[in-house]
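Data block below; observations after.
The values are calculated or read from the model by the stated rules, or taken from the named source; none is laboratory data. Fair warning: this is a prediction, and the values are worked out from it, not measured in the lab. Cβ atoms come from the backbone with ideal geometry, glycine included; neighbour counts cover every protein chain shown.
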Amino acid sequence: MMDGATPKQQVVNGFPKSTACINIYYIIYNNRKMVMKLNCRVVYACSQFSTSAVAIAPALLPHKQMPWASSSSSSSSCIIQDKDLLCRSLHPSGTGLHVLDLLDRGSLEPHPTLYHLLLKKCTRLRKLKLGKIVHAHFLDSIFRHDLVILNTILNLYGKCGCLDDARKLFDEMPLKDMVTWTTLITAYSQRDRPFHALLLFPHMLSLGFFPNQFTLSSLLKASAAFTNTPHIHSHGTQLHAFCFKCGFQSNVYVGSSLLDMYARCGCMDEAHLVFDALHTKNDVSWNALIAGYARKGQADHALWLFWKMLRQEFQPSHFTFSSIFGACASTGCLEQGKWVHAHVIKSGGEIVAFMGNTLLHMYAKSGSIEDAKRIFDRLVQRDVVSWNSMLTAYAQHGLGKEAVQWFQEMLRTGVVPNDITFLCLLTACSRAGLLDQGQYFFKLMRDYNIEPQISHYVTMVDLLGRAGHLHEAKRFIGEMPIKPTAAVWGALLGACRMHKNMELGTYAAERVFELDPHDSGPLVLLSNIYASAGRWSDAAKVRKMMKESGVKKEPACSWVEIENTLHVFVANDDAHPQIEEIRKMWEEISVRIKQIGYVPDTSHVLFYMDQQEREVKLQYHSEKLALAFALLNAPPGSTIRIKKNIRVCGDCHSAIKFVSQVMRREIIVRDTNRFHHFYDGSCSCGDYW
């Protein structure tokens with residue numbers, strides 16, 4: 001053979017011949033629900049077709065009983081490759097698929113297996129239009145009542161999201177089996193129609209059908225999809241009782257769905273009980289429990305489970321890592337997050353988009369925006385979520401100008417912004433005081449056919465209020481095309497507290513209380529406005545109203561991570577083992593910062609007492625205790641990272657600026673609003689917060 005020549009091929013009718021063996025598991029339900037397994041050897045063809053019959057050599061059937069071959073197959077054959085099963089018709093007058101044209105011309109003998117193969121391929125490739133062509137042809141065939149094929153068509157519509165067509169087919173089916181019911185229930189549960197899925201269940205039971213593990217798993221998934229937690233718990237617990245009654249509670253598939261359902265409604269004790277009761281566990285059950293703790297912000301539990309999962313030789317997936325990074329982000333556990341990131345690298349995993357986005361978010365929420373940017377640069381694929389994650393990071397750190405530049409770069413790369421993009425931009429502008437840019441981006445949303453949601457209006461009110469345009473913010477609320485919520489009025493109330501506008505603040509607080517009487521935040525803000533102005537009787541009335549209404553203020557606390565351990569402090573804390581050293585440390589620091597200009601701002605003490613008592617009250621705020629503890633225990637020269645569950649106190653903000661200068665340390669404080677980077681006596685917020 002000459003160099004470059006190809007081996008001689010066997011040729012039939014001018015076409016090269018090749019063979020492939022396919023195992024077809026074709027389930028036929030007859031009146032007695034018997035099952036037949038058919039093994040066929042099918043000879044396929046090249047991409048060009050002849051009008052001659054397709055040659056088929058069944059392994060189990062003699063030549064005269066070949067299911068697809070026509071009587072003319074003995075004279076000549078053509079071969080059809082698997083890749084050409086969905087090849088379009090050669091003529092405009094055809095059915096749309098060449099294989100179906102061959103059936104219509106009599107070149108192929110119709111058989112259910114052929115329809116089954118075509119529909120399976122349409123489902124796998126999500127070719128809905130071609131699937132409908134096959135469906136229409138099937139209905140004109142002698143097999144139109146074949147239950148297995150009808151179930152396959154139902155599955156096609158469900159997987160392609162065509163639920164109305166799926167339901168129409170379901171209602172028209174003369175016979176149904178458990179596969180039929182399970183297929184439609186699964187389709188509804190996977191396409192965010194949980195109520196429809198759950199409605200089918202009692203109807204199914206009334207007709208005498210008994211659910212299997214897949215039916216129950218889909219029903220539990222549907223109950224977990226409700227946005228209302230009481231609904232999740234109500235439907236889920238009833239299904240749990242049914243699973244227990246039928247003996248499915250220990251099944252790994254049903255059990256994994258059960259614990260995911262409990263985790264999604266926040267019932268982690270119940271979820272853990274279900275997990276412990278499973279005889280065998282898989283990756284899904286581990287991931288569901290870890291994700292549940294991550295959503296609750298319980299990073300310690302999530303990390304402990306992750307470690308236990310590794311010890312039992314289960315391999316974590318991208319979903320596992322994504323949940324862990326989310327948990328670390330919620331509490332700001334940077335060191336723990338770095339440890340998990342190192343595990344990803346050691347295991348050779350790629351930083352794919354969704355996991356990379358949570359990793360990026362973890363670094364940003366832990367105060368390390370430089371690391372967040374490095375992760376973005378290393379992402380295998382960047383989508384709009386990736387760009388939004390970096391925008392969120394810039395917004396949280398008060399880097400408004402950088403956020404605007406990032407948005408411009410995003411547009412240059414061709415990424416189309418969505419509603420989250422503009423929310424991040426508006427937040428960044430609000431926290432950096434970029435009033436004109438914020439108003440411009442709010443109007444720009446219309447150019448991208450994005451209708452502002454309530455969160456965008458809240459941010460615009462915050463932007464105007466922070467800039468001191470309180471009456472313009474009130475007018476903006478009055479002109480909103482949608483009804484303002486408690487959050488909208490709450491943004492105005494916060495601005496009124498910042499600018500000490502009692503009259504408008506009182507009006508805003510009243511509106512918030514009307515819309516959400518159980519929220520303590522507005523009443524606390526109103527009380528603080530009165531106290532800051534010295535109107536102690538009015539402040540006392542508000543606090544009395546809170547007490548009578550049963551509204552409780554969330555206790556302020558701060559925490560810091562040292563050597564992979566979180567240390568939490570509250571104001572005037574006396575429970576920490578090192579509390580004596582901590583207080584002594586702060587007293588020493590307090591003397592040093594007063595020498596260079598720190599003056600306690602007693603206006604932040606919102607109780608009636610004399611000046612000396614006020615200064616003492618300020619001494620032991622939670623963030624100051626956390627800072628003193630970190631200075632005692634963190635490595636010399638290291639960055640100190642403190643988190644607080646509410647807005648940082650104004651006096652503490654001033655004190656920490658002086659501490660960063662005296663101690664020559666970078667201090668990063670994360671509160672509910674933003675990050676504050678303190679260094680050499682100044683803060684990244686520029687005192688605009």
*Can you tell me which of Ala342, Ala302 is buried (at least 17 other Cβ atoms within 10 Å of the Cβ) and assigned to a helix (DSSP H, G or I)?*
Ala302
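Here's the yes/no breakdown for (1) in contact with a Ser or Thr (Cβ under 6 Å, 6 or more places away or on another chain); (2) of a type in the set (Gly, Ala, Ser):
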{"site": "Val254", "(1), (2)": "yes, no"}
{"site": "Leu258", "(1), (2)": "no, no"}
{"site": "Ala263", "(1), (2)": "no, yes"}
{"site": "Cys267", "(1), (2)": "no, no"}
{"site": "Ala271", "(1), (2)": "no, yes"}
{"site": "Val274", "(1), (2)": "no, no"}
{"site": "Lys281", "(1), (2)": "no, no"}
{"site": "Leu289", "(1), (2)": "no, no"}
{"site": "Tyr293", "(1), (2)": "no, no"}
*Is there a residue in the range 337-349 that is closer than 19 Å to Met390 by Cα and hydrophobic (A, V, I, L, M, F, W, C)?*
no
_Leu60 - would you say it is modelled with pLDDT of 85 or more and either crowded, with 21+ Cβ neighbours inside 10 Å or of a type in the set (A, V, I, L, M) (or both)?_
no
*Sort out which residues of the range 118-129 are surrounded by fewer than 21 Cβ atoms within 10 Å (Cβ to Cβ) and part of a helix (DSSP H, G or I), and write them in order of number.*
Lys120, Lys121, Thr123, Arg124, Leu128, Lys129
_Among the residues of the range 550-566, what is the count of those that are touching a helix residue (DSSP H, G or I) at 6+ places or on another chain (Cβ under 8 Å) and either over 16 Å from Ala626 (Cβ atoms) or in a helix (DSSP H, G or I) (or both)?_
5
*Kindly list, by first and then second residue, each pair from a residue in the range 264-281 that is without any contact (Cβ under 8 Å) to a residue 60 or more places away in the chain to a residue that is among the basic types (Lys, Arg) and not in a helix (DSSP H, G or I), limited to pairs with Cβ atoms under 7 Å and residues at least 6 apart or on different chains.*
Gly266/Lys296; Met268/Lys296
*Residue count for the range 130-142, restricted to those that are assigned to a loop (DSSP other than H, G, I, E, B) and farther than 12 Å from Pro110 by Cβ*: 0
*asked:* So Tyr363 passes all but one of these: (1) at pLDDT 90 or above; (2) of a type outside the set (A, V, I, L, M, F, W, C); (3) surrounded by fewer than 17 Cβ atoms within 10 Å (Cβ to Cβ); (4) in contact with a helix residue (DSSP H, G or I) (Cβ under 6 Å, 6 or more places away or on another chain). Which condition number does it fail?
replied: (3)
*Within the range 380-398, is even one residue over 20 Å from the mean Cα position of the chain (by Cα) and among the β-branched types (Val, Ile, Thr)?*
no
*Do we find a residue being within 34 Å of the chain's Cα centre (by Cα) and either assigned to a helix (DSSP H, G or I) or surrounded by 14 or more Cβ atoms within 10 Å (Cβ to Cβ) (or both) anywhere in the range 73-92?*
no
*Of the residues in the range 467-499, how many are assigned to a loop (DSSP other than H, G, I, E, B), touching a residue at least 24 places away in the same chain (Cβ under 8 Å) and either under 19 Å from His456 (Cβ atoms) or basic (Lys, Arg) (or both)?*
5
*Of all residues in the range 622-639, which are within 10 Å of Ile667 (Cα to Cα) and buried (at least 24 other Cβ atoms within 10 Å of the Cβ)?*
Leu627
*For Gly292, are the conditions met, namely being surrounded by fewer than 17 Cβ atoms within 10 Å (Cβ to Cβ), within 29 Å of Leu334 (Cβ to Cβ) and in contact with a Lys or Arg (Cβ under 8 Å, 6 or more places away or on another chain)?*
no
*asked:* Yes or no: the range 677-684 includes at least one residue that is modelled with pLDDT under 95, among the hydrophobic types (A, V, I, L, M, F, W, C) and assigned to a helix (DSSP H, G or I).
replied: no
*Could you tell me whether the range 356-371 includes any residue that is free of Cβ contacts under 8 Å to residues at least 12 places away in the same chain and either assigned to a helix (DSSP H, G or I) or not assigned by TED's automatic domain parsing to the domain that holds His677 (or both)?*
yes
_Given the options Leu310, Leu334, name the one that is in contact (Cβ under 8 Å) with a residue 40 or more places away in the chain, out of contact with any helix residue (DSSP H, G or I) (no Cβ under 7 Å at 6 or more places or on another chain), of a type in the set (A, V, I, L, M) and outside the structural domain of Val568 (by TED's automatic domain parsing)._
Leu334
*Of (1) outside the structural domain of Leu464 (by TED's automatic domain parsing); (2) assigned to a helix (DSSP H, G or I), Cys424 satisfies all except one. Which?*
(1)
*Residues satisfying the stated conditions in the range 393-405, i.e. more than 14 Å from Phe422 (Cβ to Cβ), aliphatic (A, V, I, L, M) and part of a helix (DSSP H, G or I)*: Ala393
*asked:* Looking at Leu85, Leu108, Leu117, Leu130, can you tell me which residue is within 30 Å of Asp177 (Cβ to Cβ) and in contact with a Gly (Cβ under 8 Å, 6 or more places away or on another chain)?
replied: Leu130
*Name the one entry in Met410, Met445, Met390 that is over 28 Å from Ser366 (Cα atoms) and assigned to a helix (DSSP H, G or I).*
Met445
*Which pairs do you get when a residue that is at negative phi and of a type in the set (Ser, Thr, Tyr), found in the range 213-234, comes within reach of a residue that is at pLDDT 90 or above and in a loop (DSSP other than H, G, I, E, B), reach meaning Cβ atoms under 9 angstrom, with the pair 6+ apart or on two chains?*
Thr215/Phe209
*Among Gln381, Gln396, which is closer than 29 Å to His301 by Cβ and in contact (Cβ under 8 Å) with a residue 12 or more places away in the chain?*
Gln396
_Quick test of your reading of the structure: Asp300 fulfils all but one of (1) within 26 Å of His196 (Cα to Cα); (2) among the acidic types (Asp, Glu); (3) over 18 Å from the mean Cα position of the chain (by Cα). Name the failing condition by number._
(1)
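Here is a yes/no grid of residues against (1) of a type in the set (Lys, Arg); (2) farther than 22 Å from Pro635 by Cβ; (3) outside any loop (DSSP other than H, G, I, E, B); (4) without any contact (Cβ under 8 Å) to a residue 60 or more places away in the chain:
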| residue | (1), (2), (3), (4) |
| --- | --- |
| Val568 | no, no, yes, yes |
| Asp573 | no, yes, no, yes |
| Ile582 | no, no, yes, yes |
| Arg592 | yes, no, yes, no |
| Gly597 | no, yes, no, no |
| Pro600 | no, yes, no, yes |
*Would you tally the residues in the range 500-515 being exposed (fewer than 15 other Cβ atoms within 10 Å of the Cβ) and assigned to a loop (DSSP other than H, G, I, E, B)?*
1
*Give Arg475, Arg412 a once-over and let me know the one that is closer than 25 Å to Leu504 by Cα and not aromatic (Phe, Trp, Tyr).*
Arg475
